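What follows is calculated from the coordinates using simple rules that are stated; it is not laboratory data. Every value quoted in this text rests on a predicted model; they were computed, and no experiment measured them. Glycine also receives a Cβ, built like all others from the backbone with ideal geometry; neighbour counts cover every protein chain displayed.
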Amino acid sequence: MNGASSADPVRFASPLLEADRTVRASQTLPLRTDEHVVAVRRVVREHALALKLSLVEQTKLVTAASELARNTIKYGGGGMVVAQELTDGVRHGLRLVFADDGPGIADIAQALRDGFTSGGGLGLGLGGAKRLVDEFDIDSRSGEGTAVAVVKWKK
């Protein structure tokens, strides 16, 4: 979050965010420091356990959450994540929405490609996170920030 403004994870219209699903529980966490990333990993693991995700699915979700949390801090200047336990009447899952008020992503397609990095990393963050979850959506606007939503469903 830049200055006194506050990232709003639902400010961008998104089919993933507006899908016909019931939110059973919701929790919002700040993302400004490495300690916040640790807290996000813990909370996501707790939700994954409550949903009875397999160990492999838990690991995938926590890894994706960690990457997206770090990106929110490093590239977006900080923000927040909203964790929501969902049901669509048949399945149960966890939606995570990461939001920041940063500069935005100029070329989302390029940012999702493996090997692309604007910060000297390995370039696996966004694309890798996308592969680890069941649903992935991103909306980024120049000068307004970025929102990334992911969903992992219990298999």
Dmax and Rg, reported as Rg then Dmax, of the stretch 30-153 (C-alpha, Å): 13.8, 43
Footprinting exposure proxy for Glu46, Glu67, Glu85, Glu35 (fewest neighbouring C-beta atoms within 10 Å first): Glu35, Glu46, Glu85, Glu67
All lysines inside 25 Å of Lys74 as judged from Cα atoms, apart from same-chain residues fewer than 8 positions distant: Lys60, Lys130, Lys152
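Quick one: order His36, His47, His92 by neighbouring beta-carbon count within 10 Å, fewest to most. All intermediate terms of the calculation are to be shown ahead of the outcome.
Details: His36 19, His47 24, His92 16.
Placing the least packed residue first, the sequence is His92, His36, His47.
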